[in-house]
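All remarks here apply to the structure that follows.
The values are calculated or read from the model by the stated rules, or taken from the named source; none is laboratory data. If you're wondering where the values come from, they're calculated on a predicted model, not measured in any experiment. Reconstructed Cβ throughout: ideal geometry from the backbone, glycine too, with neighbour counts over all protein chains shown. Side chains are part of the model used for accessible areas, which takes the heavy atoms of the whole protein and leaves out ligands, DNA and RNA. Shrake-Rupley method; radii C 1.70, N 1.55, O 1.52, S 1.80 Å.
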Amino acid sequence: MSDSPRPKVFVTRRIPAAGLDRIVAACDADVWPDRLPPPADVLRDRVRDCEGLVSLLTDRVDAAVLAAAPRLKVVSNFAVGVNNVDLAAATARGIPVGNTPGVLTDATADIAVTLLLAAARRLGESAADAKAGRWLTWEPTGWLGRDLVGKTVGIVGMGRIGFATARRLHHGWGMRVLYTARGPKPEADADLGARRVDLDTLLAESDFVSVHADLNPTTTRLFGREAFAKMKPTAVFVNTARGGHVDQAALAEALRAGTIFAAGLDVTDPEPLPPDHELYSLPNCVIAPHVASATVGTRDAMARMCADNLLAGLAGRPLPFCVNPEAEANRR
Ligand code: DGY
């Protein structure tokens with residue numbers, strides 16, 4: 001595996017035993033014990049003489065962290081999203097970066113649909129009213145929401161999770177599916193009768209808009225005042241991808257002014273969203289604390305993949321799930 005039989009690795013949080021036990025058995029593992037992430041200077045310090053790093057989406061693995069760890073052979077990110085890792089810097093240093101695609105697709109699509117339903121049917125608001133004693137009687141016009149059957153969903157980013165969300169909505173509620181994607185998605189077109197359109201068309205024609213794109217410079221703050229103004233006043237906006245896609249001040253304004261009907265968010269920027277943030281005060285905004293992959297089975301599967309990636313990288317083998325395979329060429 002390396003000069004030393006038990007390579008030194010830093011694991012930035014306790015991940016499920018399904019992966020952690022294998023890491024601890026095979027490595028000299030320093031496992032950060034706290035519930036909160038290690039501060040940036042601590043991360044740089046702890047990784048200094050490590051060959052492996054297990055990071056979470058809450059850890060910024062930037063050029064400074066990579067430069068502080070001259071022996072680092074692999075970064076195994078416990079997430080499918082890798083926007084917390086400076087991929088260009090990792091590639092330049094010949095460090096492969098692993099992620100956990102596929103295993104959280106269903107759990108995330110389930111949360112997208114849950115948020116869509118909760119926002120469309122005003123579940124957060126009506127449940128809070130019931131608890132607070134504002135449920136006075138059965139009201140013919142109380143808490144009226146939006147129907148789903150036969151409506152149109154716009155999927156922004158038709159990758160695995162976008163497709164799984166669209167399948168649920170098309171086969172479950174008979175929704176028409178529009179999508180944006182970098183290229184055509186014949187599977188979506190065939191299975192869902194989906195149509196690839198430009199973003200403006202999607203925003204104008206969709207009753208529900210669900211975001212599943214990667215966060216990168218072209219998608220950062222894609223949803224700002226202009227985008228919300230192009231949506232229907234009856235539209236529901238759902239984001240289970242990354243908070244950075246959204247200009248939250250513009251979203252709050254759109255929700256307050258009735259530019260759109262409601263929103264369901266599993267991700268915000270920053271995370272956690274401070275409890276006094278305006279979005280929490282809006283009855284038509286449902287916010288979950290980034291729980292899309294939070295099922296026992298999914299997190300176990302992520303932990304297994306994370307261990308597989310780490311151990312492969314330490315042994316100098318290609319990672320089973322690598323986001324920058326071109327790093328191999330620069331390996332030292
Ligand atoms: C990921 O893996 O990128 C998800 O956001 C975790 O829920």
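Structural remarks
- Consider the range 54-94 and keep the residues that are among the basic types (Lys, Arg) and touching a helix residue (DSSP H, G or I) at 6+ places or on another chain (Cβ under 9 Å). The one that is surrounded by the fewest Cβ atoms within 10 Å (Cβ to Cβ) is ARG60.
- Any hit, the range 281-292, residues being in a helix (DSSP H, G or I) and more than 14 Å from the ligand (Cβ to nearest atom): yes
- Test for ALA301: is it surrounded by 12 or more Cβ atoms within 10 Å (Cβ to Cβ) and either of a type in the set (A, V, I, L, M) or within 19 Å of THR58 (Cα to Cα) (or both): yes
- For the range 95-112, the criterion of being within 30 Å of ARG332 (Cα to Cα) and away from the ligand (no atom under 15 Å from the Cβ) is met by at least one residue.
- Any hit, the range 313-325, residues being open to solvent by 40 Å² or more (accessible area, probe 1.4 Å), of a type in the set (Val, Ile, Thr), modelled with pLDDT of 95 or more and assigned to a helix (DSSP H, G or I): no
- In the range 58-146, counting only helices (runs of 4 or more DSSP H) that sit wholly within it, the ones holding 3 or more residues that are hydroxyl-bearing (Ser, Thr, Tyr) span 105-120.
- The condition (being part of a loop (DSSP other than H, G, I, E, B), small (Gly, Ala, Ser) and surrounded by 24 or more Cβ atoms within 10 Å (Cβ to Cβ)) is satisfied by just one residue among ALA254, ALA241, ALA263: ALA241.
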